[in-house]
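First comes the structure, then the notes that go with it.
The values are calculated or read from the model by the stated rules, or taken from the named source; none is laboratory data. Note that the coordinates shown come from a computational prediction; the quantities given were computed from them, not determined experimentally. Backbone-built Cβ (ideal geometry, glycine too); neighbour counts: all protein chains shown.
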């Protein structure tokens, strides 16, 4: 029973992340800055990180990126997303472990570092550093969307944590 609940809960978070990715794909969000996105799926990743743990958050993140890329994007999008997600997850993990950041702060760190990583990868791919001039705009956008996502995640995460902890104890898997 406990293992099936754990798998179901992981599926729930992956489903939430995919739904948020789909919603984001429907929202026309372009303000003249390439790569600027709301990062809605980051809410599910932050909730997984705070509710379940590091390994589970990585699993949710990777599965969400691959499935969303196959359903709503393309291979290039998957590659850019994986690069941004790897860097942002590393920084979110460090910021969470430091104990200095709330879920909102961790989400902001994730938004900023995801945008920065994707921009660096894009500069490498297009072989020009000129696009680095977008960095200040993408840092501000990452901070704002990270804050918005963090505020929402901080309201929803306690509910997920309560459901998870009332139905499953990690030591029993």
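Brief remarks on what is shown
- Residue in the stretch 108-117 that is over 19 Å from residue 148 (Cα atoms) and either assigned to a helix (DSSP H, G or I) or in contact with a strand residue (DSSP E or B) (Cβ under 8 Å, 6 or more places away or on another chain) (or both) present: yes
- For residue 110, the stated conditions do not hold, so it cannot be described as at pLDDT below 90 and within 19 Å of residue 140 (Cα to Cα).
- Here the condition is being under 18 Å from residue 110 (Cβ atoms) and modelled with pLDDT of 90 or more; of 16, 66, it holds for 16 alone.
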